Each structure stands twice: as structure tokens, then as C-alpha cells.
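Notes follow once the structure below has been shown.
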Amino acid sequence: MTEHPSYGDGLAVVTVTYFPGETLEKFLDTLEKATDREVKVVVADNASTDGAPERAAERENVQLVSIGENVGYGTAANRGVAALDDSYGWIVVVNPDLEWEPGSLDALLEVAKRWPRGGAFGPLIHDLDGTVYPSARLLPSFGRGIGHAVFAKVWPGNPWTRQYRQETGTPVERTSGWLSGSCQLLRREAFDSVGGFDTRYFMYFEDVDLGDRLAKAGWLNVYAPSSSVMHIGGHSTARASAKMLRAHHASAYRYLADRHQGLRWKPVLAAVKLGLALRVKLETRKG
């Protein structure tokens, strides 16, 4: 695959915000030490009213794209990318509740040089306490997906969850089924070749779907643990946890239904839909 002739080598960061609060400032402060390159930041904002995106836009390298309503993660990310001119051939799509390790973005770009067919590159993501988040996983199948969904909470070490999450010892650079949407470097040519994120996903599974479509279009999803970032997590989704749970289950169903069409799958999908609805009811009642 050759580089798209109309894209330059410029680097841009697109972050989707929804009431990001003070995390956005920290995100931008740490980004300054993540790369030696010039980087343009696009803040694609889903109708926040906390003033944080506007404060961020006072910085010289930050552009605010005010969407005016909450259109979800993938749609907002697409709009942020669309605001960039063709000189930007490398795009990082990333959550604002993340802090960059020094040199982490340059490390990702180094890995990209080694993988000319790489379309997406994901760093090692760890939590505040240092726990490594399983951010490079296999694509969910019915067996793995259902086993993980049913047993993950009550039997964390079950074989379906372990296989799906790809947690096997020391993290190594490798290809993956998909990469966490909380932070990934995208070759813009690859992103454009599949039409970006599928806008039918409001929240969740848009990254799984993207990884699957990139692979089907001949690109690789590459896990790059030589780059490391810290994800604080859940800042905006905590505002509406029951709504987010319903969105998660709706997206899980959409992903499976898209890939299992035809009469023979109808009873299986009906059972999955019922199971997900019951899980939402139980989790919401607990909450």
C-alpha cells in the first residue's frame, strides 16, 4: 500500500469532549512533552457547558469544533478529522481524560515506520495505579463474546474473557483484532479508506467495528507497548451511567447483528437481545 498522495506528513490530535472538566488542561499540558513535532489539536465538543473546551481553544495550537449537540464519540471524531486540511496524514483520536507519558507520541510514530501496512497503532494504556488495561484484543465472536459477557463479573479469570482480552504475560508489539478507541494513532489514508467511524454507534464498539473494517480493507491494527499513556477513565460517562450501559448493550447487539445476517442467525440474535436487555435491567437496578 502506498501513501495517499494528497496527504502530507502533518500530525494532528482529535479529542472528543463532553463536560471534560479539568482533565482537558492536563491532557494538553502532558501532550507538549509527548512529541518533539509540531502538533495541531482539534477539540470536537459534544455540547459541553463547563467552559473547558473554550478555555482549551485559547491555546495557539488548539482548534475548537463546536457540534452543538451530543452526537456520540465516533460521529464527533469524524467531524474533528474532517476539520483538518490534507497536510495532516497522521491523526490521533483520543479521549481527553488521558495523560501522555513523555515521548509517547513520538514512540507511536516510530512504530508506525516499521509497519507500512499499519492503519491503526495503539499504545500501552495503564490506569492511575499502574494496572495495564487490555487495550489490544481479539474481535468478539459469539462464543467469546457471550462467555465474556456472562462470566466476566462473576468469574474474572474465565477462559473466554482471558482469550478475548489477550492478557498473556509481558505486552509485546504485535497485530491485534482491534485497539481501544481511548487512544489510537491512525494513518489518515487508512481511516478514510473505510469512511472513518460508523456513525450508527453512539458510544462503545465504534473502535471494535473500526478495527474490523480496517483489517477487512487490508490494513493492520498494531499494538505498540513501547508507547505508554495513562487513562483516568470514565469522566464524562459517569454523568449518565444507566444511559451509557444501555448504549453499550445496543452497540454490542448492532456489532453482532451486522456480522450475522440471515434467517439462521435470527433466533440466536433474539436470545442475545433478550439477554442484554435483562443484563441492563439487573445492572440498572443494582446501580
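Numbers below:
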{"read-out": "Charge sum, other residues only, whose C-beta stays under 12 Å from D127's C-beta, Lys/Arg counted +1 and Asp/Glu -1", "value": "-3"}
{"read-out": "Extended-chain gain in nm, criterion 0.36 nm per residue less alpha-carbon gap, H126 and D258", "value": "44.4 nm"}
{"read-out": "Prolate/oblate/rounded label for segment 239-286 (Cα gyration tensor, a/c 1.5)", "value": "oblate"}
{"read-out": "1.4 Å probe accessible area per residue over segment 239-286, in Å²", "value": "69"}
{"read-out": "Chymotrypsin sites (Phe, Trp or Tyr not before Pro) restricted to segment 1-54 and DSSP loop, no more than 11 other C-beta within 10 Å", "value": "none"}
{"read-out": "Residue-wise HN-Hα coupling along segment 109-122, computed from phi with Karplus coefficients 6.51, -1.76, 1.60 (Hz; x: Gly, Pro)", "value": "5, 5, 5, 4, 5, 7, 10, x, 9, x, x, 9, 10, x"}
{"read-out": "Positive dipole terminus of segment 239-286, leading residue within L278, A242, A257 (C-beta point charges)", "value": "A242"}
{"read-out": "Candidate aspartates and glutamates for bridging to K243, where Cα separation is under 17 Å - those fewer than 8 sequence places away on the same chain excluded", "value": "E69, E206, E283"}
{"read-out": "Point-to-point label distance, K273-D36, nm (Cα→Cβ direction, 7 Å offset)", "value": "5.6"}
{"read-out": "Per residue value of the accessible surface for segment 11-236 (all protein chains in place, 1.4 Å probe), Å²", "value": "41"}
{"read-out": "Segment 239-286, accessible surface, carbon-and-sulfur percent (1.4 angstrom probe)", "value": "61"}
{"read-out": "At R0 = 45 Å, FRET efficiency that the Cβ-Cβ distance of E58 and T175 yields, to 0.05", "value": "0.65"}
{"read-out": "Separation between Cα centres of segment 4-72 and segment 90-130, rounded to whole Å", "value": "16"}
{"read-out": "Note, ³J(HN,Hα) from phi for segment 35-42, Karplus 6.51, -1.76, 1.60, rounded to Hz, x at Gly and Pro", "value": "8, 8, 7, 5, 9, 9, 10, 10"}
{"read-out": "Estimated vicinal HN-Hα couplings, Hz - segment 267-274 in sequence order (Karplus 6.51, -1.76, 1.60; Gly, Pro = x)", "value": "x, 5, 5, 5, 5, 4, 4, 5"}
{"read-out": "Coil-residue trypsin sites (Lys or Arg not before Pro) of segment 32-90, DSSP, other Cβ within 10 Å capped at 15", "value": "K33, R37, R59"}
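The values are calculated or read from the model by the stated rules, or taken from the named source; none is laboratory data. Just so you know, these numbers come straight off a predicted model, no measurement behind them. For neighbour counting, all protein chains shown are included, and Cβ atoms are generated from backbone atoms with ideal geometry for every residue, glycine included. In case anyone asks, the SASA skips ligands and DNA or RNA and just uses the protein heavy atoms, side chains included. Shrake-Rupley method; radii C 1.70, N 1.55, O 1.52, S 1.80 Å.
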